[in-house]
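The values are calculated or read from the model by the stated rules, or taken from the named source; none is laboratory data. Values in this document were obtained by computation on a predicted structure and should not be read as measured data. Every residue, glycine among them, receives a Cβ derived from its backbone with ideal geometry; neighbour counts consider all protein chains shown. Note: accessible area is taken over every heavy atom of the protein model, side chains too, but ligands, DNA and RNA are not part of it. Shrake-Rupley method; radii C 1.70, N 1.55, O 1.52, S 1.80 Å.
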Amino acid sequence: MKKLRKLTLAALLTAAGLVVFVIEAQLPPLTVIPGIKPGLSNVFTMLTLFWVGPSWALGTMFVRVSLGCLLTGQTMAFFYSLSGGLLAFFIMWALKKPLGEEKLWVLSAFGAMGHNLGQMAAALFITRTAALLYYLPVLMVSAIGTGIFTGLCAQLVSRRARRAGFLSK
Amino acid sequence: MVRKRDGGMTKTGTIACAALVLALTLLLCGCVQKQATTEIFAMDTVMQLTAYGSGAERALGVAEGELARLDAELSAQRTSSEIAKLNAGGACENEEVLRVLARALEIAERTDGAYDPTVYPLMQLWGFGTESAHVPQQTEISDALGAVGYEKLSAVTSPYALPSGMAVDLGGIGKGFAAETLRTCLQEQGIRSAVLSLGGNVTLVGSKIDGSDWTVGLQNPEGDGCFGYVSGKDVSVVTSGGYQRYFEEKGRRYWHILDAKTGWPVETGLSSVTIVSADNTLADGLSTALFVMGLDKAIEFWRASDDFEAVFLLDSGEIYVTQGLQGSFRSERSFEVIAR
Amino acid sequence: MKSRSWAILFAGLIAALLLLWKLLPGSGGNAVGVYQDGALVKTIYLPHTGETETFEVFGTAGGNTIEVSKDGVRVVSADCPDQVCVAHGFLVSGKEPIICLPNRLVIRFQEDARPDGADAVTGGRSLP
């Protein structure tokens, strides 16, 4: 793939991810436990990881988190989202080769667990309250659920896109 | 070409991943801790030290070392301690031990012997806290009384030796002195908020981390729970009562607080005496002394002093509180405030 | 590994996590601590008698108004966008502390506190 094409594709995916991120932030909280949300914007990080490359995916994630928190005006959320996003990215990167695109939903579940772990670590660091760990099992369960869901979404999009020839040339 | 690059990245990725996980684990372990507690057995009792703020754990470690050192110096029961050597007729040059002894004599003088560190021969005769605790013969007590009396001791100089046959037990103020040493030790290490409970001898270092007062419960002699609460900061709260150590013989209860003049456990109708003072050593000594004095003399003594406050609990259940504690003492029961 | 094996693995993991969650010791008692950045800001003793009181704790995202009434402790309003702490409602005995991540605020039971709120007790009995 040519560099220009990569840049365009990554930009497109970042923009799409950002829109989803901002919309998701406007939704009322699903539960009383902070940190539980669908995390649909991760679909675009995964697509970038598979379609364009790891470094592009990392960039996409970083830009999305920074701009997203700026747009929604949540300064503290930046730290939680960034530490979650980073851990999720490294886990997905490491699993990309052994799992491959047809097991994207598995990769996504692990990524989501990493995201919530990273977020928990940031929250523990900032609030310095060990009691937050009570939420860890629930956060992990929700991560498996939402991770599989977003993974399947990404898998579906990727398969359709390839079949439609979106990624050819 | 592409394959090779991809493979390299996976390797870096794995390393980065491991490093990140390690960093997070370290963060989790290191940062949640802001309070530390330690429980030690020393000076014949259980001691609980709690410190707040960063460095609390390290500071408590140093404090524990101090406590072990003091225990080895001041315990009359340990044959190797400085006090045991003194009681065996030897001379003592240990500056710290002599300082405690000087304070003991000072409090004995001030309370006219109501607190007397030289009751040790009597304590041994009665055997409080040992298997052989029993009521001695009056002749035995009379004999022992010959070797009791703080006024028989000369002023403390270094080196110092006791008159032959006499022995001292600094247990009455040893915990107070230890608490003060620990408080200084913790403060030197930057701890500004701590609670030291040396077997029910409580020292409050600073205030709570939110700046508010600590609350100290006063043990109910009958059963569990507390009969009242004292709140404060930078202060020591010490309680003495017959219920703390005693044995029963022929249906009668004999406790460890002895009258140095008669050699028998004091019975003055007081159940416990609590002293609140910035000086823990003083509070420790006075809690015993005022218990020996009885309510009326104790109140007189308080009126003549200005460095402590007190809570008296009578056998009948009545509670008397000195004026200075009005506002900081609370109880579900009714209590009477003693005016100056 | 086949998709089926992965599905079984995840199902097992979920079951194990839910079990762990259920087995976690709950907290309770009657001393509730309000913490900001891990430091205790205020202690509230329950049950609260008398009139309903409210107070405000300020953080990076603005303030949280905390209400103490005979029904318990809750956050009645917050300046943060997500309102998770307000949606939490009253703090109940159990495993869930009230959390406001934007303001770094945590409201939870102080497990280490004595039921009567005393920090220490004097004059305990000597060991036998």
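Structure above, values below:
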{"item": "Meets criteria (within 11 Å of A:GLY17 (Cβ to Cβ) and at pLDDT below 90) for A:GLY68", "result": "yes"}
{"item": "Extreme residue, farthest from C:ALA39 (Cα to Cα), among residues of region A:120-169 that are facing chain C (nearest Cβ under 7 Å) and of a type outside the set (A, V, I, L, M, F, W, C)", "result": "A:PRO137"}
{"item": "Out of B:LEU162, B:LEU204, B:LEU186, B:LEU182, sole residue that is crowded, with 19+ Cβ neighbours inside 10 Å, modelled with pLDDT of 90 or more and closer than 24 Å to C:ASP116 by Cβ", "result": "B:LEU204"}
{"item": "Failed item, numbered, when B:GLU93 is tested on (1) touching a residue at least 60 places away in the same chain (Cβ under 8 Å); (2) out of contact with any strand residue (DSSP E or B) (no Cβ under 9 Å at 6 or more places or on another chain); (3) open to solvent by 20 Å² or more (accessible area, probe 1.4 Å)", "result": "(2)"}
{"item": "Subset of region C:1-53 [facing chain A (nearest Cβ under 8 Å), outside any strand (DSSP E or B), small (Gly, Ala, Ser) and surrounded by 12 or more Cβ atoms within 10 Å (Cβ to Cβ)]", "result": "C:GLY38"}
{"item": "One residue from B:VAL100, B:VAL119 being of a type in the set (Val, Ile, Thr), in contact with a helix residue (DSSP H, G or I) (Cβ under 8 Å, 6 or more places away or on another chain) and not in a strand (DSSP E or B)", "result": "B:VAL100"}
{"item": "Enumerated helices (runs of 4 or more DSSP H) restricted to region A:1-108, each holding at least 1 residues that are closer than 21 Å to C:PHE10 by Cβ", "result": "A:42-51, A:75-99"}
{"item": "Unique match (being of a type in the set (A, V, I, L, M, F, W, C) and buried (at least 20 other Cβ atoms within 10 Å of the Cβ)) among A:ILE33, A:ILE91", "result": "A:ILE91"}
{"item": "Selection count, region B:207-236, where residues are facing chain C (nearest Cβ under 7 Å) and surrounded by fewer than 17 Cβ atoms within 10 Å (Cβ to Cβ)", "result": "2"}
{"item": "Among (1) surrounded by 13 or more Cβ atoms within 10 Å (Cβ to Cβ); (2) assigned to a helix (DSSP H, G or I); (3) of a type outside the set (Asp, Glu); (4) at pLDDT 90 or above, the one test that B:PRO136 misses", "result": "(2)"}
{"item": "Subset of region B:271-313 [assigned to a strand (DSSP E or B) and either open to solvent by less than 30 Å² (accessible area, probe 1.4 Å) or among the hydroxyl-bearing types (Ser, Thr, Tyr) (or both)]", "result": "B:SER271, B:SER272, B:VAL273, B:THR274, B:ILE275, B:VAL276, B:SER277, B:ALA310, B:VAL311, B:PHE312, B:LEU313"}
{"item": "Meets criteria (away from every other protein chain (no Cβ under 14 Å), modelled with pLDDT of 90 or more and crowded, with 23+ Cβ neighbours inside 10 Å) for A:THR48", "result": "yes"}
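This table checks each residue for (1) part of a strand (DSSP E or B); (2) closer than 25 Å to B:SER54 by Cα; (3) over 17 Å from the mean Cα position of the chain (by Cα).
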| site | (1), (2), (3) |
| --- | --- |
| B:ALA167 | no, no, yes |
| B:ALA178 | no, yes, no |
| B:LEU182 | no, yes, no |
| B:GLY190 | no, yes, yes |
| B:VAL195 | yes, yes, no |
| B:ASP210 | no, yes, yes |
| B:LEU218 | yes, no, no |
| B:PHE227 | yes, no, yes |
| B:SER236 | yes, yes, no |
